[in-house]
Amino acid sequence: MEIELKRKVLAQVGKVVIGRERETGLLLASLLAKGHVLLEGAPGVSKTILAKAFAKCMGLEFKRIQFTPDMLPMDMLGGFVFNMKDREFDFRRGPVFTNILLADEINRAPPKVQSALLESMQESQVTIEGHTELLPTPFMVIATQNPKEFQGVYPLPENQLDRFLMRIEMTYPNQATEADVIRRNLSELSTEVIEEVLSADELRTLISQVQGVSVSKEIIDYLTTVAMESRRESKLSLGASPRAMVHLTHCAMAVAFLDGREYVTPDDVKEVAVNVLGHRVQLEESSVLLGGVTSPDQIIQDIFSRVKPPR
């Protein structure tokens, strides 16, 4: 069932998005782990269409917000509007009330708007003027952002980055894949061709089943050793937090579940380690200036190469 689900999702998304099988699998694992995803890449690498196609095949309600510099928190969350008929203020729900929210170009909005998502992402609820509304379940934010070197973007604060279960980098396709993309887009493509692979109720059942995947004491010891190594790493000024390791465990459980297993292996952990930890650790300034290190991804891989996995 689980392996078949992954195959079906990849097939449906592949109808409109070519060469993004790994990214699609990571989105599926994140959804089953009840997490949010940050898609990062240059404009035109299929970030938005991937999110739309994924939501469509999962049979979930989907809404999109285009983040802009003049956006206000209420544009996303909603707010109280005066009802002339009843002479009272009614709460009008914003687009955040959905199953999958596409926060498009999230780093083009000012920090005040970015931080307005924090409660929604952490607690699946919205609180405005003392009034709290629960969000639908499941609830997942798929945010896209352009690289920070682009003009007109605001870097996401560390506390918001930490709310994203995974960061997925969308790079340019290779030449053969790009040729397929061009051929496929000679006529306009639409997500209408995508079929739903399961219902929302079936998805909720699968999410609950992921929690039953076993994590042995040896795997937990392996994870804590990796965490300690990251905090001792001289090239990092900030190592992996306990919450980061909890999120890594949940992702590994989802990966194991999608592979049809009821237990987590070291390979499950390694498969998602860079995506889960890369945006949560910080490089030591001297490593950037003197060592030429530009990304923590390689450092994370080096740490896993040093730590011996359990047999």
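The values are calculated or read from the model by the stated rules, or taken from the named source; none is laboratory data. Fair warning: this is a prediction, and the values are worked out from it, not measured in the lab. Every residue, glycine among them, receives a Cβ derived from its backbone with ideal geometry; neighbour counts consider all protein chains shown.
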>> On the basis of being in contact with a helix residue (DSSP H, G or I) (Cβ under 9 Å, 6 or more places away or on another chain) and at pLDDT 80 or above, does residue 99 make the cut?
In response: yes
>> Going residue by residue through region 127-139, is there one that turns out to be outside any loop (DSSP other than H, G, I, E, B) and buried (at least 20 other Cβ atoms within 10 Å of the Cβ)?
In response: no
> Would you pick out the residues in region 173-204 that are at pLDDT below 85, assigned to a helix (DSSP H, G or I) and closer than 28 Å to residue 32 by Cα?
Replying inline: 191, 192
>> Looking at region 72-113 only, could you name the residues that are in contact with a Pro (Cβ under 7 Å, 6 or more places away or on another chain) and among the polar types (S, T, N, Q)?
In response: 98, 99, 107
> Only one of 46, 30 is buried (at least 17 other Cβ atoms within 10 Å of the Cβ), among the small types (Gly, Ala, Ser), under 15 Å from residue 194 (Cβ atoms) and in contact (Cβ under 8 Å) with a residue 24 or more places away in the chain; which?
Replying inline: 46
>> Take the conditions of a type in the set (Phe, Trp, Tyr) and within 25 Å of residue 249 (Cα to Cα) and apply them to residue 97. Does it pass?
In response: no
> Do any helices (runs of 4 or more DSSP H) lying entirely in region 224-311 carry at least 2 residues that are under 30 Å from residue 7 (Cα atoms), among the polar types (S, T, N, Q) and outside the structural domain of residue 26 (by TED's automatic domain parsing), and which ones are they?
Replying inline: 297-306
> Where in region 1-76 are there helices (runs of 4 or more DSSP H), lying fully within it, with 2 or more residues that are touching a strand residue (DSSP E or B) at 6+ places or on another chain (Cβ under 9 Å)?
Replying inline: 21-32, 47-57
>> One residue is enough: does region 230-241 have a residue meeting the conditions buried (at least 17 other Cβ atoms within 10 Å of the Cβ), at pLDDT 95 or above, touching a helix residue (DSSP H, G or I) at 6+ places or on another chain (Cβ under 8 Å) and not aromatic (Phe, Trp, Tyr)?
In response: yes
